[in-house]
Structure formats: structure tokens, C-alpha cells
Amino acid sequence: MTLLIIGIAVFLGIHLLPSFPQFRAGFVERIGETGYRSSSPSCPLPVSCCSSGASRRPRSIQVWSPPPWTRWVAIVLMLPAFIFLVAAYVPCRLKARLKHPFLAAIKTWALAHLIANGDLASITLFGSFLAYAVYDRIALKGRKPTALVETPGSGPARNDLIAVVLGVIFYVVFLVWLHPLLIGRVVIQH
């Protein structure tokens, strides 16, 4: 659980930095704009801490017992989460409509997993990310747009189709193969 909390704190600390312009400016002054931009998007260390901490979470600390059907709610909610995730990187009408599809993907992902998991580590992980995404979406309304959060106009209609098709493909690949491999939990029983 300690590794999970460290990972969450580092990841969210880096991602919440733009909300506090004075701290961001000092950080950029110390490591440079290139260093700041390269530290923010990928964050392999905190992500690996989060995933390691979550996969080793103690099964005994059960806060609530979700009914079996909540697993299917999570499976269904994850499909739009993957579509939103792809839409964040494709200039399309869906991206323009959502304004910040990456944050919409995080909110959908976190909510889906909160519904289906009742252990303390899951609630800590997914609750933290849901709170972060809600806060960041609200904070973006008051922040000066940058290249990282600027939403360009919509692209051609075929890009919406590309976002949906790629989102569905990534969803199936993650559901069937990557979730058991990376997270250690089989979602769909064969």
C-alpha cells in the first residue's frame, strides 16, 4: 500500500503542478522547459509504483463487497474510456466536443473501477485519479491555454471513425490480453 501511495503522490504532484503557476515557473526555471515537458507526460516511475502497489494490494482490507454485476458495468464503461483516450490524440469532432478527452477517459476509467472494486487500495487508487481528473477539468477552465491542453478545432468526419475503431481495438486487446498480463487480473473468463 505504501508503494501505491508514493506512486499516486508523485504522479498527481507532477500533473497538478500546472494548476499552481508560481510553483510550475520555479520548477521550469530549475530543470528547463524541455525537462519539465519530458517529465510530465510519461512519468514511468510513478506509474510503475501505482501498478506495482495496486497489483500487490492486500485482499483482506475490503471496504465494501461489490455485487457481481458491477464487473459488467465496469467492462461496458471501459469501452468509451478507450475511445476517449484515442480521441485525445486524433483531431476529430469527438475531441472538440469533449474538450479534454484524456481527462474524460481518466474519469470514466476511474469510475468504472470504483464501481467494480471495493478494497481499500482500489478505492485509494481510482478515487485519487477520479478526484484529480475532476479537479483538473475545473482548473483548466481558469487556466491560460498551452500547447499541452489546447483543443484544436474538429477534424474530418473520418477521424471520428478512426478514433472509435482504434478505441475498440485497444479496448479488446487490453481486455483480453493486456489486463491479465500487466495488472494480473483476468477480466473475461474463457
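Here, each number is a calculation from the coordinates, and none is a lab measurement. Please read these numbers as outputs of a predicted model, since none were measured by experiment. We place every Cβ from the backbone using ideal geometry, glycine too, and count neighbours over all the protein chains shown.
The table below lists the values:
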| quantity | calculated |
| --- | --- |
| Of all residues making up segment 89-111, the number that are of a type in the set (Val, Ile, Thr) and within 15 Å of Leu77 (Cα to Cα) | 2 |
| Selection from segment 160-178 of residues that are under 22 Å from Arg97 (Cα atoms) and either touching a Ser or Thr at 6+ places or on another chain (Cβ under 9 Å) or not β-branched (Val, Ile, Thr) (or both) | Asp160, Leu161, Ala163, Leu166, Gly167, Phe170, Tyr171 |
